[in-house]
1. If a residue must be surrounded by fewer than 16 Cβ atoms within 10 Å (Cβ to Cβ), touching a residue at least 40 places away in the same chain (Cβ under 8 Å) and not in a helix (DSSP H, G or I), how many such residues does segment 8-37 contain?
2. Filter segment 165-195 down to the residues that are out of contact with any strand residue (DSSP E or B) (no Cβ under 9 Å at 6 or more places or on another chain) and farther than 17 Å from residue 43 by Cβ and list them by number.
3. In segment 54-147, which helices (runs of 4 or more DSSP H) lie fully inside it and hold 3 or more residues that are closer than 26 Å to residue 37 by Cβ?
4. Tell me which of these residue 135 doesn't satisfy, since it passes every other one: (1) more than 18 Å from the chain's Cα centre (by Cα); (2) free of Cβ contacts under 8 Å to residues at least 12 places away in the same chain; (3) more than 15 Å from residue 63 (Cβ to Cβ).
5. Exactly one of (1) touching a residue at least 40 places away in the same chain (Cβ under 8 Å); (2) touching a helix residue (DSSP H, G or I) at 6+ places or on another chain (Cβ under 7 Å) is unmet by residue 60. Its number?
């Protein structure tokens with residue numbers, strides 16, 4: 001029975017960065033009939049305003065908490081080398097522009113490493129263009145797509161899907177089987193917890209399918 005696992009995230013979400021190792025292990029263990037679909041949640045809309053000092057302090061504390069709990073590396077030079085902005089939609093559009101060249105996941109990873117390890121500002125278009133060049137994209141096409149109405153429309157569609165999935169925090173996982181959706185446990189250190197939760201939902205779906213006559217065995 002085919003199923004879709006929605007991974008709802010934001011490329012500038014620090015907890016998504018902390019979850020990456022476990023999520024990669026999870027994907028490697030998924031059976032072929034479960035298809036992963038990335039969905040951009042969009043933490044913060046476009047803004048040219050500097051991030052308030054209070055929010056900067058809060059995020060720095062979050063980075064330290066993730067470091068302590070998960071051992072995730074962070075380059076704290078970001079807070080002195082860059083002018084932070086509470087604006088993640090530009091990074092989301094960069095991911096979509098990369099998807100148009102078949103490299104969405106590569107751009108997600110590149111943005112995360114630029115932000116958390118290289119102290120580069122992921123709210124700035126020049127950062128995205130530099131990353132695209134490093135990844136070997138068509139730079140002209142990528143730059144055009146970044147500001148295109150088509151990419152903006154695709155972002156709005158993903159934000160609408162996030163709302164329809166009932167997701168309000170990132171990262172989140174939602175499993176869909178034959179139109180039925182369930183939130184799935186996000187286990188930051190043991191992906192087997194997530195797999196067990198998914199298996200429970202799939203077992204229930206198979207039982208219901210047999211009763212309804214959707215499948216023969």
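None of the figures in this text is laboratory data; all of them are computed from the coordinates on show. These numbers were taken from a predicted model, which means no experiment stands behind them. No Cβ is skipped: glycine too gets one built from the backbone with ideal geometry, and neighbour counts run over all protein chains shown.
1. Count: 0.
2. Result: 179, 180, 187, 188, 189, 190, 191, 192, 193, 195.
3. 89-99, 104-116, 125-134, 139-146
4. (2)
5. Going through (1) touching a residue at least 40 places away in the same chain (Cβ under 8 Å); (2) touching a helix residue (DSSP H, G or I) at 6+ places or on another chain (Cβ under 7 Å) one by one, residue 60 breaks only (1).
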